[in-house]
1. Quick one: what pairs do we get from region B:26-38, first residue over 15 Å from B:Gly108 (Cβ atoms), second open to solvent by less than 20 Å² (accessible area, probe 1.4 Å) and assigned to a loop (DSSP other than H, G, I, E, B), C-beta under 6 Å, 6+ apart or different chains?
2. Residues of region A:1-25 being over 16 Å from A:Tyr89 (Cα atoms) and open to solvent by less than 70 Å² (accessible area, probe 1.4 Å), which ones?
3. Which of the residues that make up region A:86-111 are among the β-branched types (Val, Ile, Thr) and open to solvent by less than 10 Å² (accessible area, probe 1.4 Å)?
4. Determine whether region B:39-54 contains at least one residue that is more than 14 Å from chain A (Cβ to nearest Cβ), within 26 Å of B:His114 (Cα to Cα) and aromatic (Phe, Trp, Tyr).
5. For region A:76-85, give me each residue that is crowded, with 18+ Cβ neighbours inside 10 Å and outside any strand (DSSP E or B).
6. Identify, please: which residue in region A:51-61 is open to solvent by 60 Å² or more (accessible area, probe 1.4 Å) and in a loop (DSSP other than H, G, I, E, B) and is, among those, farthest from the other protein chains (Cβ to nearest Cβ)?
7. Confirm whether B:Ile76 is touching a Phe, Trp or Tyr at 6+ places or on another chain (Cβ under 7 Å) and over 20 Å from A:Tyr100 (Cβ atoms).
8. Could you grab me the full set of residues in region A:40-50 that are open to solvent by 10 Å² or more (accessible area, probe 1.4 Å) and either in contact with a helix residue (DSSP H, G or I) (Cβ under 9 Å, 6 or more places away or on another chain) or more than 9 Å from chain B (Cβ to nearest Cβ) (or both)?
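The values are calculated or read from the model by the stated rules, or taken from the named source; none is laboratory data. Remember, predicted model here, so these are calculated numbers, not experimental data. Note that we place each Cβ from the backbone using ideal geometry, even for glycine, and neighbour counts take in every protein chain shown. When the accessible area is computed, the model is the full protein with side chains, heavy atoms only, and any ligands, DNA or RNA have been set aside. Shrake-Rupley method; radii C 1.70, N 1.55, O 1.52, S 1.80 Å.
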Amino acid sequence: NAGVTQTPKFRILKIGQSMTLQCAQDMNHNYMYWYRQDPGMGLKLIYYSVGAGITDKGEVPNGYNVSRSTTEDFPLRLELAAPSQTSVYFCASRRTGVSYEQYFGPGTRLTVT
Amino acid sequence: QKEVEQDPGPLSVPEGAIVSLNCTYSNSAFQYFMWYRQYSRKGPELLMYTYSSGNKEDGRFTAQVDKSSKYISLFIRDSQPSDSATYLCAMSANAGGTSYGKLTFGQGTILTVHP
């Protein structure tokens, strides 16, 4: 299994541009999450999904959108990028039921200038 | 007040030292307590997991939870240079159910173990 994969690894955006961060998992996990990690700030939940077609906002959803059309994929869309969205973005997944462990991807480093 | 507080360090210790990492929290609904380890430019990986109060040991690592004080700790014995990483505490009200396993993370503590 590849686990959780994320593309791209790095990206530089200009203010006002848009992009989609890709996330895929091959573990047949229903639950998927998007986090952002800023220096010294831990991980903040942006959006999460409990299955295909079902998504909900996390702690810091403003400026982002998600969709979940398949169990495997959970893309994160940035519209009108702003410098405040400069961060490292992590996607994670976990299986349904009484399971505590989230499996994380390698992250996407995004700079908005 | 943040829901989870963790001293960001950085913490630098010599090889072989005992390391103590700590988090405090304010939400009494938290029942599941985790420690994730994150190497530089990598995603976090689960290191230890504890349910409710008590201790859990795994090799050189011991996790402690004191729900009455809303305080959790991770101890690393005989620390090694390979333990150099950022350690993040994480908590959840329940593993499944209506919280959907959402985790609340501390800020992370940067640990360096030097030879």
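1. Close Cβ pairs (under 6 Å, with a partner that is open to solvent by less than 20 Å² (accessible area, probe 1.4 Å) and assigned to a loop (DSSP other than H, G, I, E, B)) amount to B:Tyr32/B:Ala95.
2. Passing the criteria: A:Gly3, A:Gly16.
3. Answer for region A:86-111, where residues must be among the β-branched types (Val, Ile, Thr) and open to solvent by less than 10 Å² (accessible area, probe 1.4 Å): just A:Thr108.
4. Initially, region B:39-54 is screened for residues more than 14 Å from chain A (Cβ to nearest Cβ), giving B:53-54.
Filter once more, so that each one left must be within 26 Å of B:His114 (Cα to Cα): none.
Looking through region B:39-54, none of the residues is more than 14 Å from chain A (Cβ to nearest Cβ), within 26 Å of B:His114 (Cα to Cα) and aromatic (Phe, Trp, Tyr).
5. Residues of region A:76-85 crowded, with 18+ Cβ neighbours inside 10 Å: A:76, A:78, A:81, A:85.
Within region A:76-85, A:Ala81, A:Gln85 qualify.
6. A:Gly53
7. Spelling it out, B:Ile76 is indeed touching a Phe, Trp or Tyr at 6+ places or on another chain (Cβ under 7 Å) and over 20 Å from A:Tyr100 (Cβ atoms).
8. A:Tyr47
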